[in-house]
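One structure below.
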Amino acid sequence: MLNNWFKTTLLMAAIVALFGVVGMVLGGEQGMLLALVFGGAMNLFAYWNSDKMVLRMYNAQEVDALSGGEFYALVADLAQRADLPIPRVYIIDEAQPNAFATGRNPEHAAVAATTGIMRILSARELRGVMAHELAHVQHRDTLISTLSATVAGAISALAQFGMLFGSQREGERANPVVQIIIMILAPLAAMLIQMAISRAREFGADEGGAMISGDPEALASALRKIEAYARGTPLETAEMHPETAQMMIINPLSGGDLQGLFRTHPATEQRVARLLALARRR
């Protein structure tokens, strides 16, 4: 837990620093100060509201014990096994099979799954997936992932804003070539910050989810199936907001040849191999 709090603090500091660098290049010292203030305010806003923003992006609909039926009961049972409060439970009406967890802490957590994942997975496999998401909650990964998703989008907006309106630095207009470079590199830097954190986090949630469900092979089977179906089924919201891709159990983006270069998740084959090795040790 302390390690994750350290990573969260490091992430927030890196994001504020990145805001400052972008502001300095686009607007000199005044631009840097304004960007730092904006970055700090954005971090605070994201801490309290980023989960709601992401759920709204995906048009996630909350369900309860009555409307959520077996799915809600499954999540509630796994939460009890993990000694966690029952999170808010959401369903996303999308064909691509995927799921994610969000929220600033276990007391304010939410889990969401698409209708596509419910359609293709067996009850046992779905249980493995939701155990994985609850492991993210248990490990307090959700604050990191949701913060980074929200603020990475804000960094892109800041760079585009600077490009659109230009800036004054020491009485002269900023070099448009530099502005273009910043517009490209700032979102890329934000993505690299996300990736530095997210890959190791997925391995930890796989192992934690296997412990919660008691069935590593079910999660391994689910990952294989999700990967196969997700490749041919686009998730439009994720394509429009690629900063949210690292929150999902499987990368939802159609990245083509660049997918491996900018992979937000470990290779599914590696994850499956680790889970099967864990099953053999049980």
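The values are calculated or read from the model by the stated rules, or taken from the named source; none is laboratory data. None of these values were measured; they are calculated from a predicted model. Here the Cβ positions follow ideal geometry from the backbone for every residue, glycine too, while neighbour counts run over all protein chains shown.
More than 20 Å from the chain's Cα centre (by Cα) and free of Cβ contacts under 8 Å to residues at least 12 places away in the same chain: is that true of V37 in this structure? Yes. The one condition from (1) buried (at least 21 other Cβ atoms within 10 Å of the Cβ); (2) touching a Pro at 6+ places or on another chain (Cβ under 8 Å) that A131 does not meet is (2).
For the criterion of being over 25 Å from L278 (Cα atoms), modelled with pLDDT under 85 and among the hydrophobic types (A, V, I, L, M, F, W, C), A65 fails. With respect to (1) over 26 Å from R224 (Cβ atoms); (2) in contact with a strand residue (DSSP E or B) (Cβ under 8 Å, 6 or more places away or on another chain); (3) surrounded by 14 or more Cβ atoms within 10 Å (Cβ to Cβ), the lone exception for Y47 is condition (2).
Taking the stretch 55-115 and the strands (runs of 3 or more DSSP E) fully enclosed by it, the elements with 3 or more residues that are of a type in the set (G, A, S) and within 20 Å of H241 (Cα to Cα) are at 110-114. For the stretch 206-248, a residue qualifies if it is at pLDDT 95 or above and of a type in the set (A, V, I, L, M), and the qualifying residues are A210, M211, I212, A218, L219, A220, A222, L223, I226.
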